[in-house]
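Below: one structure, written as structure tokens.
The values are calculated or read from the model by the stated rules, or taken from the named source; none is laboratory data. Computed from a predicted structure; not experimentally measured. Cβ sites come from the backbone with ideal geometry, for glycine too, and all protein chains shown count toward neighbours.
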Amino acid sequence: MTPKDAEILDNLTTAVLYFDSALILRLINPAGEMLLEHSAQSVTGSAANFLFPGDTQFIEALHQALITAHPLTEREKRLLLPDNRQINVDCTITPWIFQDHVAGVLLELSHIDRQLRISREKRLLSQQSTARELLRGLAHEIKNPLSGLRGAAQLLERELITEDLHEYTRIIVSEVDRLRALVDRMLGPKSRPQMAVGNIHEVLERTRQLLSVDLPPGILISTDYDPSIPELVFDRDMIFQAFLNIVQNAVNAIEHSGEIRLNTRITRNHTIGNKKHRLVAVIKIIDNGVGIPENLIDRIFYPMVSGRPDGSGLGLAISQSLITQHGGLIECQSNPGHTQFTILLPLGTKHEQK
């Protein structure tokens, strides 16, 4: 039995929208309804510039397809929808020719946000792995000479007769110890995570309360927790340190007054890198500060990269390392006035097996 044309269209996973010669929507399939998050009844009869507002180039491309009868394909196109929602799609515009003239255009949209997210996560995980290997090699090359310098300074101090000269050897020893401590911080904790069942909101509240003690005037830390999130399996101290580093960065990013929001939600069947998890806790730390410079956004999780002149550039690198040791990941999106760190934490084997 051959399926009807409408049945084929209804079962496509690609969103298909048909616009007439006036660029009025006349047909949309179920995948298109899901993409736009509106029913066919509510959007049929709408103009293209209403469905995709603010993108004059895209509307002009639809017009050109009508005029020239030439198809157009664009990869990773960002579209703005009426509710200010942005989506990333692969887009194909095909003129619909009927009786030797262009009667309209067929628009095919493949939602690629999930593929882009997975690709971004793989890149972040690869960056983290590469950074750790580089740091391990660098630490070995630095710490061996430092040990030699420290030992030589101590031997020299024993040979010096004048007490005044001992101050110089003590400075050498002190600076060597400072550099060793810096290298150790770059490498992160030496011990493996001490996993135990715990409540992620208790750790977030501990972070909020600690920073609130010395919070500059005009800065507010608000919360929006999902109480339905079950307990996680994690190292409490490691996760606390990761949260503390990120929230402290958010405080530093607010110049005079502003708000930091701690938000938690749960997501299902979420892939982190190559591994799919049934349940993942999503923790968002959002601030309305100055934002992260565009030239740094792709490098902020590397050690020694900081947007502040007085910053060490270690906080975010350490946080990413702590979270990846739990099978999770930290992502960042930033614009002036809105910076969001998203921490993904799998709920662990206790929940995965249910």
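Among D214, D237, D226, which is the only one that is in the same structural domain as C332 (by TED's automatic domain parsing), closer than 21 Å to V203 by Cβ, part of a helix (DSSP H, G or I) and charged (D, E, K, R)?
D237
What residue, of A281, A317, is at pLDDT 85 or above and among the hydrophobic types (A, V, I, L, M, F, W, C)?
A281
On the given criteria, is A250 out of contact with any helix residue (DSSP H, G or I) (no Cβ under 7 Å at 6 or more places or on another chain), in contact (Cβ under 8 Å) with a residue 12 or more places away in the chain and part of a helix (DSSP H, G or I)?
Yes, satisfied.
With within 12 Å of L345 (Cβ to Cβ) and surrounded by 14 or more Cβ atoms within 10 Å (Cβ to Cβ) as the only criterion, which of I221, I254, I260, I239 stands out?
Every option except I239 fails the conditions.
Restricting the search to region 50-95, which residues are farther than 12 Å from S110 by Cα and of a type in the set (D, E, K, R)?
Listed by number, the residues that qualify are D55, E60, D83, R85.
Specify which of the listed residues (T223, T264, T207) is within 17 Å of L329 (Cα to Cα) and modelled with pLDDT of 90 or more.
When all the criteria are applied, what remains is T264.
May I ask you to list the residues in region 267-302 that are in contact with a Leu (Cβ under 8 Å, 6 or more places away or on another chain), surrounded by fewer than 19 Cβ atoms within 10 Å (Cβ to Cβ) and assigned to a loop (DSSP other than H, G, I, E, B)?
G273, the sole residue that qualifies.
Yes/no per residue for (1) small (G, A, S); (2) under 24 Å from A196 (Cβ atoms); (3) modelled with pLDDT under 85; (4) in contact with a helix residue (DSSP H, G or I) (Cβ under 7 Å, 6 or more places away or on another chain):
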position	(1), (2), (3), (4)
G328	yes, yes, no, no
G337	yes, no, no, no
I343	no, yes, no, yes
K350	no, yes, yes, no
